[in-house]
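Data first, discussion second: the structure below is written as structure tokens.
The values are calculated or read from the model by the stated rules, or taken from the named source; none is laboratory data. This structure is a prediction, so every number in the text was calculated from the model and none was measured. Reconstructed Cβ throughout: ideal geometry from the backbone, glycine too, with neighbour counts over all protein chains shown. Heads up: the accessible areas ignore ligands, DNA and RNA and are worked out on the full protein's heavy atoms, side chains in. Shrake-Rupley method; radii C 1.70, N 1.55, O 1.52, S 1.80 Å.
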Amino acid sequence: MRHTIYSLIFNKDSRNRVGRAYEAMVSMAAVISIIPLMFKTWYPIFNTIETFTLYILFLDYIMRWMVHDFRSKYGKPWAFLIYPFTPMAIVGLLCILPSLGILVQTFRILRMFRIFKVLQYSRSFGMVTRVFEREKKALLSVLFIAVGYIFLSALAMFINEPDTFDTFYDAVYWATTALTTVGYGDIYPVTNIGKLISMVSSIFGIAVIALPSGIVTAGFMEEINGAVKESDEKKQEKSDGPDKAEETETEGKKA
Amino acid sequence: MKKIKEFLSGMTFKQKRYAVIMMICVAVNMILEESMTLASAPLCMDVTGTIAATIILEPAAGLIVGLINNFFRAIFINGPTTLVYYSVSAAAALLAAIMLDRNNRLRFGRVIIATALIIAASTLLSGLWKYWQIGVVSNLYWENYFSEIAASRGFGSFLSGAFGAFVIKVPDTIASVILAVIMYKLTPKKYRGR
């Protein structure tokens, strides 16, 4: 039974109609379950939606747990014990918990995590994840530079303009909006030095924001090209198959 | 209808066997639970089919059977918060696997150990969830009855709740295990196992 469940969820190449239907069902449940969050009033129909979608999402969670030993590098008991601590399992549990009545109403927002279920079954999301995984080092370096610059410019501003920025948090908030070139305008520098820092931040921000975009785009293109190449090779193999078989047959007869 | 027939004809013997046994187990759970409620008996018997599915097929089947029953209860009675009580059936399904030895045969000693563990786990879990969700001991008459006895002797609210759940769970689990073992024995050998 666990092998059937595994091929239903994970074996994408040999997935039959039932597998595709299951994938569509989980994705639809994730999307539909978010609809009630768009309304301020809780209509009675939402209870039914909530129950159905919650059970579908939980079924997916529990079935993934059941077959985790097939995917994990650890042995049988350990794979099952580790599963709840894997990133996607944590997300899966977080999106289920608010519906169980054991968390306070504030945590209702966690239901938004359900959208990750759709992404979990999406091939494009798989590609993006692989790109981030591959470019991890470069992206982390850019992040480190950005965080460092935000901290330094916030500190400079906080020291230079104590009247404008009540707290250091305000300064960090300003530095972030300036670096990302958003600039809400609710807090702004008034001294000449402050304005200079602001100008440098905006110019530097363009470079810092452009860097990860370039890295991700290049990685994504590489991934897409790889997928297209793989698909072409498979098509070629399929089209070569019958001809090659005929050739072999003819050679056999000649011999 | 034609598509359903096509789908069924595409199923292997093993798949059909699993589907039929699991459906029977779901029905057993529902019928027994409803009967106990109608008879106002101090039992639930709602894990009989779950335990039977585990020992006749495998723990994964027991887990699915428990979830289906829990789903029906959520739809028709209590709503989505019922899902927390799935932990009780899940524990029963997993612990029932202890009853079988390596050759998939029932052993009396193992049945006793598994029963004791199921009682302990279900008492702890159902007591905990009720205490957490409702704040009071229980919404079941018999559990309340025994909890009140414990409370009148000076036990705290959680302990009285756990005592109420324990008193009910002992005969309930024993009866469920006996029925599940009978179902196992009644199932022909070729339909048992993975």
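How many residues does region A:58-92 hold that are surrounded by 17 or more Cβ atoms within 10 Å (Cβ to Cβ) and part of a loop (DSSP other than H, G, I, E, B)? Selection size over region A:58-92: 1. The numbered conditions (1) closer than 25 Å to B:Phe72 by Cβ; (2) touching a residue at least 60 places away in the same chain (Cβ under 8 Å); (3) not aliphatic (A, V, I, L, M) are all true for A:Tyr6 except (1). No other residue among B:Ser87, B:Ser40, B:Ser35 is assigned to a loop (DSSP other than H, G, I, E, B) and of a type outside the set (A, V, I, L, M) apart from B:Ser40. Got at least one residue in region B:85-94 being within 24 Å of A:Ile49 (Cβ to Cβ), within 14 Å of another protein chain (Cβ to nearest Cβ) and modelled with pLDDT under 85? Yes, the conditions are met somewhere in region B:85-94. Any residue at all in region A:12-25 that is within 23 Å of the chain's Cα centre (by Cα) and β-branched (Val, Ile, Thr)? Within region A:12-25 (the criterion being within 23 Å of the chain's Cα centre (by Cα) and β-branched (Val, Ile, Thr)), the answer is no, since none of the residues qualifies.
Pairs meeting the criteria (first residue in region A:43-58 and under 13 Å from B:Ile68 (Cβ atoms), second residue open to solvent by 40 Å² or more (accessible area, probe 1.4 Å), beta carbons under 6 Å, at least 6 apart or on different chains) are A:Tyr55/B:Phe71. Answer yes or no: is there a residue in region A:113-127 that is in contact with a Lys or Arg (Cβ under 6 Å, 6 or more places away or on another chain), part of a helix (DSSP H, G or I) and open to solvent by less than 20 Å² (accessible area, probe 1.4 Å). There is no residue in region A:113-127 that is in contact with a Lys or Arg (Cβ under 6 Å, 6 or more places away or on another chain), part of a helix (DSSP H, G or I) and open to solvent by less than 20 Å² (accessible area, probe 1.4 Å). Name every residue in region A:93-112 that is part of a loop (DSSP other than H, G, I, E, B) and either modelled with pLDDT of 75 or more or touching a helix residue (DSSP H, G or I) at 6+ places or on another chain (Cβ under 7 Å) (or both), in order of residue number. The answer is A:Gly101, A:Ile102, A:Leu103. Restricting B:Pro59, B:Pro42 to residues that are open to solvent by 20 Å² or more (accessible area, probe 1.4 Å) and either closer than 23 Å to A:Tyr61 by Cα or at the interface with chain A (Cβ under 10 Å from one of its Cβ atoms) (or both) narrows the list to B:Pro59.
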